[in-house]
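Note sheet for the following structure.
The values are calculated or read from the model by the stated rules, or taken from the named source; none is laboratory data. Being a predicted model, the structure only gives us computed values, none of them experimental. In this analysis, Cβ positions are derived from the backbone assuming ideal geometry, glycine residues included, and neighbour counts consider all displayed protein chains. With ligands, DNA and RNA removed, areas are computed over all heavy atoms of the protein, side chains included. Shrake-Rupley method; radii C 1.70, N 1.55, O 1.52, S 1.80 Å.
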Amino acid sequence: MLVRVCSLLDLEDKKPRKFSINGIEVAIVRIDDKVFAIDAYCPHKGRNMEYGDVDGYKIRCDLHGYEYSLENGELVLNPYGKSSGWYFSSNLRIYKVEVKNKDIFIQI
């Protein structure tokens, strides 16, 4: 189902913003003319990704420094170099985005 989230005018460049859509919380990130939609919480320990830092097409969780691709959600940096137990993180969930007449829609 395609659902309207916000307008392009509601977003600052490279500044994630959290929205709740039909009970699903997502963070929307605009980088120039591209828009990305991701799960609002870091898959490592649940930090709100609205506070994440955007660098290129990656977002870094401000709590533990894990980095994920905004394009495909893949974990691109585990700052601890370990992948078991507390250090484990799955990939970040992403949502398909469509922009129509400056309105942002995501597929949920």
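Among 65, 56, 73, the largest mean-square fluctuation in a Gaussian network model of the chain, built with springs joining Cα atoms closer than 10 Å, belongs to 56. Solvent-accessible surface of protein heavy atoms, probed at 1.4 angstrom with all chains present, puts 30, 17 in the order 17, 30, largest first. The distance between label points at residue 77 and residue 64 comes to 1.6 nm (points 7 Å beyond Cα on the Cα→Cβ vector). For residue 82, the solvent-accessible surface computed with a 1.4 Å probe is close to 110 Å², ligands and nucleic acids excluded.
Heavy-atom accessible area for residue 80, with the other protein chains in place and a 1.4 Å probe, reaches approximately 100 Å². Note on residue 74: accessible area approximately 90 square angstrom, rounded to 10, probe 1.4 Å, nucleic acids and ligands left out. Based on protein heavy atoms only, the chain ends up with 56 Å² per residue of surface accessible to a 1.4 Å probe. If you take all other residues with their beta carbon under 12 Å from the beta carbon of residue 76, and give Lys and Arg +1 and Asp and Glu -1, the sum is -2. Sequence gap of 8 or more, or different chains, plus Cα separation below 25 Å: how many lysine pairs satisfy both in the chain? Lysine pair count for the chain: 29. Taking other residues whose beta carbon is less than 13 angstrom from the beta carbon of residue 104, and scoring Lys, Arg as +1 and Asp, Glu as -1, yields +3. Computed over protein heavy atoms with a 1.4 Å probe, the carbon and sulfur contribution to the accessible area of the chain reaches 45%.
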